[in-house]
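Input: a single structure, listed below in structure tokens.
The values are calculated or read from the model by the stated rules, or taken from the named source; none is laboratory data. Everything numeric in this text was worked out from a predicted model, so none of it was measured. Cβ placement follows ideal geometry from the backbone for every residue including glycine, while neighbour counts extend to all protein chains displayed.
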Amino acid sequence: MGIFDFLNKNKPTSPVNPVLPDQVYKVAEMQLKDIIAPSALGIQPKYLNLGTNIVRSYFVVSYPRFLTDNWLSPIINLDKVFDVGIHVTPLDTGDVMKQFQRKVAEVESQIMTREEKGLVRDPTLDVAYQDLEDLRDGLTQAQEKMFEVALYLSIYGSSEAEVDKVENEIKNILESRLVYVKPALFQQDTGFLSTIPLGQDQLLIKKKLNTSPLSSFFPFVSFDLSSDRGILYGLNRHNGSLILFDRFSLENYNSIVFAKSGSGKSYTTKLEILRTLMFDTEVIIIDPEREYEYLAESVGGRYFDISLTSEHHINPFDLPAPTEDESPSEVLRSNIVNLVGLFRVMLGGLTPEEDAIIDQAITETYALKDITGDIDFTKLEPPLLSDFETVLQGIGGSDDLLARLSKYTKGTWSGFINQPSNVDINKKLVCFSIRDMEDELKPVAMYIITHYIWNAVRKNIKRRLLVVDEAWIMMKNDDTASFLFGLAKRGRKYYLGLATITQDVGDFLKSPYGLPIITNSSIQLLLKQSPSSIDVVQKTFNLTDEEKFLLLESGVGEGIFFAGLKHVAIKVVASYTEDQIITSDPSQLLQIKAMKEEKEQAQTL
């Protein structure tokens, strides 16, 4: 019992009725409602003072003849602070039918009286009579029921001017639909209590509605984007609802994220990865900036540093095992095509003659190791780049190609790919870092890594997510962009979702494969954009001017979330534990590093 309840319930003390010790104790007792109650409450004729805020309550006084679907949606989705209370009381059909009989007889009598007097027919009476007859038929056939319905609104603001502004906005929206509201003058306290979630209608201003118009109230037709399974991507900025989605329930499993630097794209992606891991999904990451290392360590994943001096190597000549619906010749042919694309990237482009020479040399290199399309090559050792160079030396007209290839076999870059593969991606999370790779070699590294991942995906079909951060690096070259597009198109067959992330929208869309990758992504996330790229983004995603300005003014982790044909404004939120694992804030990272070092020192001591 709260202090106010106690004072109202108990009489003043007297020598005859003294306060007992247990009653004194109860006076000081505090309940939850005492904690959440405002510091002060002032009741005015037109509003309430709730602490430092003002609240004004309204009731709907009339509705139009027809209520269409979604009529309440623009109100529900307003980015304002307000409460909506709807109270529905079912009425007994028998009692309603008796009232209807009297009302029908009354209207019919008025129509007959006008006819007897020779007056012109009144369309209002005719329409009312027809509506009553239709409704009575619906009630008789149990197709309709009658209800008493009350709709209340309570608007919050820091000042009367702010409340007045929101009131005008809401009134304009409702009156355009012939729905009229009035403030609960001198009843603001009961109006407020009728709106908050107590389930009590103390204002008692009701209208009778049948089932059809009442159904337009429920459920609130809102800009919701949620499903009964999936992960939490964030909160709906329109109405605070949850954005829950499962990318593997869509027509394809791909997503794309566009955002300027510092807008939270990597943070958002890491949060999705962390939550995706809980649903038996393997995640593979290509990390250009070493942002995912701590995440990989925290979840017990593998982290491979791919660079010229790294101990981790990937042999591009590795071959995947054929699946049940593939023959060895098809796998070998596909791998040769991908290798020709790799050499285009490595050698700075190929002429048609050089393309043919490279194709011939790759085929002969595999044959050198007895690998052909007629045999099972799964247990044979694949060739290396130096084997390819040896074969190329025996082909006429390859001198220029050999000169360009030598830096990968004998020069400073020889330790990069001229080695057998020694990486194992048999973990729930695997991350490949290319931060320490020379900029000139990053497209080559990303091509080789994605090719290696693709071979592993085809070998063993599981639910997987491939994250390619800073994808604009691959989009700068047609061959790497084409390979990425191939992953987006073919990944669904192997239960693979591709998450493409980029901050350079211009470079991404300059590629002929940029727009096709976007259209092949069922989930699209636009975070804060820079003024220099917003027009391109607006045109690409067919954004309205309001959505354009929303992206310009969004904070970190805010933007627009597209899933299929729906999209909503999103705010990405993480728990404290998730934030400590995925943060990219340098100050937080330094604190985490210092705590880690202190822990290691304490263990040493």
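General observations
- Among residues of the range 159-180 that are closer than 16 Å to LEU72 by Cα, those with a beta-carbon under 8 Å from a residue that is of a type in the set (D, E, K, R) and surrounded by 18 or more Cβ atoms within 10 Å (Cβ to Cβ) at least six positions away or on a different chain give the pairs GLU167/ARG56.
- Selection of the range 399-432 for residues being among the small types (Gly, Ala, Ser) and at pLDDT 85 or above yields ALA403, SER406, SER421.
- Residue count for the range 514-536, restricted to those that are among the aliphatic types (A, V, I, L, M) and surrounded by fewer than 21 Cβ atoms within 10 Å (Cβ to Cβ): 4
- Verdict on THR583 being among the β-branched types (Val, Ile, Thr), over 18 Å from the mean Cα position of the chain (by Cα) and not assigned by TED's automatic domain parsing to the domain that holds SER263: yes
- Residues that are out of contact with any Asp or Glu (no Cβ under 7 Å at 6 or more places or on another chain) and under 16 Å from LEU319 (Cα atoms), drawn from the range 332-358: LEU332, ARG333, SER334, ASN335, VAL337, ASN338, LEU339, LEU342
- Flag if SER216 is among the polar types (S, T, N, Q) and more than 30 Å from ASP579 (Cα to Cα): yes
- If the condition is being assigned to a loop (DSSP other than H, G, I, E, B) and at pLDDT below 75, then the range 582-605 contributes SER584, ASP585, LEU605.
- Residue check, ARG458 among the charged types (D, E, K, R), crowded, with 16+ Cβ neighbours inside 10 Å and within 29 Å of LEU350 (Cα to Cα): yes
- Positions within the range 334-368 being outside any helix (DSSP H, G or I) and in contact with a Leu (Cβ under 9 Å, 6 or more places away or on another chain), in sequence order: LEU347, LEU350
Yes/no matrix, rows are residues, columns are (1) part of a strand (DSSP E or B); (2) loosely packed, with under 12 Cβ neighbours inside 10 Å; (3) modelled with pLDDT under 90:
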site: VAL556; (1), (2), (3): no, no, yes
site: GLY559; (1), (2), (3): yes, no, no
site: ALA569; (1), (2), (3): yes, no, yes
site: GLN580; (1), (2), (3): no, no, yes
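- Listed by first and then second residue, the pairs linking a residue in the range 91-113 that is within 16 Å of LEU209 (Cα to Cα) to a residue that is not in a helix (DSSP H, G or I), with Cβ atoms under 6 Å apart and 6 or more places separating them unless they lie on different chains, are LEU91/MET146; VAL96/MET146.
- Residues located in the range 511-530, provided they are under 23 Å from HIS451 (Cβ atoms) and assigned to a helix (DSSP H, G or I): GLY514, PRO516, ILE517, ILE518
- Residue under evaluation GLU291, criteria (1) in contact with a helix residue (DSSP H, G or I) (Cβ under 8 Å, 6 or more places away or on another chain); (2) within 23 Å of ILE518 (Cα to Cα); (3) touching a residue at least 24 places away in the same chain (Cβ under 8 Å); (4) part of a loop (DSSP other than H, G, I, E, B), criterion not met: (2)
- Criterion violated by LEU405 - all others in (1) under 41 Å from the mean Cα position of the chain (by Cα); (2) in a helix (DSSP H, G or I) satisfied: (1)
- Listed by position, the strands (runs of 3 or more DSSP E) enclosed by the range 148-246 that each have at least 1 residues that are more than 26 Å from THR93 (Cα to Cα) are 180-183, 231-236, 242-245.
- Residue list for the range 247-260, filter: crowded, with 16+ Cβ neighbours inside 10 Å and outside any loop (DSSP other than H, G, I, E, B): ARG247, PHE248, SER255, ILE256, VAL257, PHE258
- Residue, modelled with the highest pLDDT, within the range 53-94, restricted to residues that are polar (S, T, N, Q), in contact with a Ser or Thr (Cβ under 7 Å, 6 or more places away or on another chain) and outside any strand (DSSP E or B): SER73
- Some residue of the range 261-276 being surrounded by 19 or more Cβ atoms within 10 Å (Cβ to Cβ), in a strand (DSSP E or B), within 35 Å of the chain's Cα centre (by Cα) and not β-branched (Val, Ile, Thr): no
- Within the option set ILE449, ILE453, ILE501, being under 23 Å from the mean Cα position of the chain (by Cα), within 23 Å of LEU277 (Cα to Cα) and either in contact (Cβ under 8 Å) with a residue 40 or more places away in the chain or part of a strand (DSSP E or B) (or both) holds for one residue only, ILE501.
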